[in-house]
Amino acid sequence: MNPLYKLQEKPLIKSGYTKKGIYKLFLVVIVIMTEEKLINTIYLENDLILSFCDGSKKIAGDRWQVNVTARIQILMDQVQFTRLDSKKRSEIIKEIGKKINYEKKLIRNFVAEKQKEETVTALCESFLQIARPYLSQGQFAERFVLKTYADSLEKRKWVNS
């Protein structure tokens, strides 16, 4: 079955052009490109969307490498910089682009096939319990963009020297 068709069976985009509907569209594109299976989507209190994707692989016999990715796509349009002017914002967009991803990979190796689903669920729940308060902060998107920008400048300095 075509993976695009499979994803379209569920209503992924809300009617109209709401913020969450547009972000969901980008999420669908990411899932199709990486051949991961979207397993859960959570709308955070700061209007960001946290998605969990399962990219588990069978490695030997009935053993799996369980690979869950927690991902938030941040569009520069949704970031409200509290301390920057429009010139600095344009400079940041030029350096890192109009969208960036926060990603955390959660991996467990050599998991029995019978325990695979249980392990995926446990990884998601554990990550949510630990990271949700941090990811839900109102300043998370701004801070993450500024950190990514600083890292990009540092990398460029290192490459150019």
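The values are calculated or read from the model by the stated rules, or taken from the named source; none is laboratory data. Note that this is a predicted model, so its numbers are computed, not measured. When we count neighbours, we look across all protein chains shown, and the Cβ atoms used for this are built from the backbone with ideal geometry, even at glycine.
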Notebook entry, point to check: For the stretch 24-109, list the strands (runs of 3 or more DSSP E) that sit wholly inside it and hold at least 2 residues that are touching a helix residue (DSSP H, G or I) at 6+ places or on another chain (Cβ under 9 Å) and modelled with pLDDT of 90 or more; which are they?
Noted result: 37-43, 49-54, 63-75
Note to self: Looking at ALA141, ALA122 in this structure, which one is closer than 24 Å to THR41 by Cα, small (Gly, Ala, Ser), in a helix (DSSP H, G or I) and touching a residue at least 40 places away in the same chain (Cβ under 8 Å)?
What the structure shows: ALA141
Checklist line | Hits in the stretch 131-161 - residues which are hydrophobic (A, V, I, L, M, F, W, C), over 14 Å from the mean Cα position of the chain (by Cα) and surrounded by 10 or more Cβ atoms within 10 Å (Cβ to Cβ) | finding: LEU146, ALA150, LEU153
Notebook entry, point to check: Within the set of pairs 6 or more residues apart or between chains, which connect a residue that is at negative phi inside the stretch 91-103 to a residue that is assigned to a loop (DSSP other than H, G, I, E, B) and surrounded by 14 or more Cβ atoms within 10 Å (Cβ to Cβ) with Cβ atoms less than 8 Å apart?
Noted result: ILE92/LEU84
Note to self: Cβ-Cβ distance below 6 Å, separation of 6 or more or different chains: which pairs start in the stretch 144-161 with a residue that is in contact (Cβ under 8 Å) with a residue 24 or more places away in the chain and end on one that is assigned to a helix (DSSP H, G or I) and of a type in the set (Lys, Arg)?
What the structure shows: none
Check: Quick one: how many residues across the stretch 96-121 are out of contact with any strand residue (DSSP E or B) (no Cβ under 7 Å at 6 or more places or on another chain) and exposed (fewer than 13 other Cβ atoms within 10 Å of the Cβ)?
Finding: 3
Note to self: When you check ILE72 against the structure, is it in contact with a strand residue (DSSP E or B) (Cβ under 8 Å, 6 or more places away or on another chain), surrounded by 12 or more Cβ atoms within 10 Å (Cβ to Cβ), among the β-branched types (Val, Ile, Thr) and within 16 Å of ARG143 (Cα to Cα), yes or no?
What the structure shows: yes
Checklist line | Verdict on LEU75 being touching a residue at least 12 places away in the same chain (Cβ under 8 Å) and closer than 16 Å to LYS37 by Cα | finding: no
